[in-house]
Amino acid sequence: MSETARIGTLLLNSFWPLFKAGLLTTVPLSVISFCCGLVVAFIVALMRLSRVRVLSAIAAFYVWVIRGTPLLVQLFIIFYGLPKIGIVYSPFVSAIIGLSASQGAYNSEVIRAALLSISKGQWEATRALGMNRKQTLAHIVVPQAALVAVPSLGNAFISLLKDTSLVATLTVAEVFEIGQQIVAVTYEPLWLYIEVGVIYLIFSTVLTYLQSYLEQRLGRHVAAQKN
């Protein structure tokens, strides 16, 4: 068998295990972490905007710490460090905690900016109509802010998908970890890591298409409302 045929066979045989790891681990890990992070981000954003200085300070400190330290270090602290004080999580749960905390910090700034983009006039108008702060947020501010935040949040989700490669250091069987296992057996790092990159590219391309589709739908929805 020629070298080209051997490499082709190797890549063909390894494609499904890599793609399967993406479907069964990378994508679910990304979705769960993003959803959890989005909840954290919304709470932190509201805390940052709170008139209670203690809440605002706590939120600002959280964002400062998470944004100022590498995600890989955070993952190591959660998985390898916390067991030293009796707190033990599985690799998958550790990955979710680390990725969610990271998403919560970064996306809180996106959501905060989106909330601030709503004019004060709308707050005053709802107050004149007798709506309280919670009602204004739920029915007026949040729906409009969501439209503003979608593009940035979509980009954050795509970045998160690629960041899941870091959890291979926790032995989570996602795409990169499976790729490393195959490389350890075949001793073909160049072609296999290129293939791993292609797998991530496939998933990222699909997400980019979905993001564009969602933005177009939301754009038409906003235009319809204005008319």
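We did not get these values from a lab; they are worked out from the coordinates using the rules stated. Everything numeric here is computed off the predicted structure, so don't read it as measured data. Here the Cβ positions follow ideal geometry from the backbone for every residue, glycine too, while neighbour counts run over all protein chains shown.
In the range 67-96, how many are exposed (fewer than 14 other Cβ atoms within 10 Å of the Cβ) and polar (S, T, N, Q)?
Counting residues in the range 67-96 that are exposed (fewer than 14 other Cβ atoms within 10 Å of the Cβ) and polar (S, T, N, Q) gives 2.
Can you list the helices (runs of 4 or more DSSP H) lying wholly within the range 1-107 that have 2 or more residues being more than 18 Å from the chain's Cα centre (by Cα)?
Passing ranges, in order: 3-21, 27-49, 53-68.
How many of the residues in the range 117-142 are exposed (fewer than 13 other Cβ atoms within 10 Å of the Cβ) and under 25 Å from Ser33 (Cα atoms)?
Looking only at that region, the number is 1.
More than 19 Å from Ala146 (Cα to Cα), of a type in the set (A, V, I, L, M) and buried (at least 21 other Cβ atoms within 10 Å of the Cβ): which single residue out of Ala114, Ala59 fits that description?
It is Ala59.
If you check every pair at least six apart or on different chains, which have Cβ atoms under 9 Å apart with a residue in the range 48-65 that is within 14 Å of Asn107 (Cα to Cα) first and a residue that is part of a loop (DSSP other than H, G, I, E, B) second?
Qualifying pairs under 9 Å: Ala59/Ser50.
Could you list, in sequence order, all residues of the range 15-27 that are buried (at least 22 other Cβ atoms within 10 Å of the Cβ) and among the hydroxyl-bearing types (Ser, Thr, Tyr)?
Across the range 15-27, the qualifying residue is only Thr26.
Tell me which residues, restricted to the range 164-198, are among the polar types (S, T, N, Q) and within 29 Å of Gln103 (Cβ to Cβ).
Thr164, Ser165, Thr169, Thr171, Gln180, Gln181
Condition test on Glu177, is it among the charged types (D, E, K, R) and touching a Ser or Thr at 6+ places or on another chain (Cβ under 8 Å)?
Numbers: among the charged types (D, E, K, R): yes; touching a Ser or Thr at 6+ places or on another chain (Cβ under 8 Å): yes.
Yes, satisfied.
Looking at the range 150-187, which of the residues that are hydroxyl-bearing (Ser, Thr, Tyr) and touching a residue at least 12 places away in the same chain (Cβ under 8 Å) is surrounded by the fewest Cβ atoms within 10 Å (Cβ to Cβ)?
The residue in question is Thr171.
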